[in-house]
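Taking it in order: structure first as structure tokens, then the write-up.
The values are calculated or read from the model by the stated rules, or taken from the named source; none is laboratory data. Computed from a predicted model, the values in this text were never measured in an experiment. FYI the Cβ positions are ideal-geometry reconstructions off the backbone, even for glycines, and counts take in every protein chain you see.
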Amino acid sequence: MSTIQVRNGNVEGALRTMKQKNARSGLLKELRERQEGYLKPGVKRRMAREEAKRNSRRKDRYDRAA
């Protein structure tokens, strides 16, 4: 569990920081995967491949912009 400090009463900023930390840590994603229950190995591989494609496209988009 991550901890966030609220500075100068800026709750919105602290909330945004907390959401970003949770997204980077993959906590919410892992929770969703656990709720789905057992996945066949082939289904896991397929999902991993699709995610890798999305990440690759995202990375290419940022590389082109820079």
>> On the basis of being among the polar types (S, T, N, Q) and assigned to a helix (DSSP H, G or I), does Ser2 make the cut?
In response: no
> Just a yes or no: is a residue in segment 4-11 touching a helix residue (DSSP H, G or I) at 6+ places or on another chain (Cβ under 6 Å) and surrounded by 10 or more Cβ atoms within 10 Å (Cβ to Cβ)?
Replying inline: yes
> Are there any pairs with C-beta distances below 7 angstrom linking a residue in segment 7-36 that is at pLDDT 90 or above to a residue that is surrounded by 12 or more Cβ atoms within 10 Å (Cβ to Cβ), with the two at least 6 apart or on different chains, and if so which?
Replying inline: Ala14/Ile4; Ala14/Val6; Thr17/Ile4; Met18/Ile4
> Can you tell me which of Arg64, Arg49, Arg54, Arg34 is among the basic types (Lys, Arg), in a helix (DSSP H, G or I) and over 19 Å from the mean Cα position of the chain (by Cα)?
Replying inline: Arg64
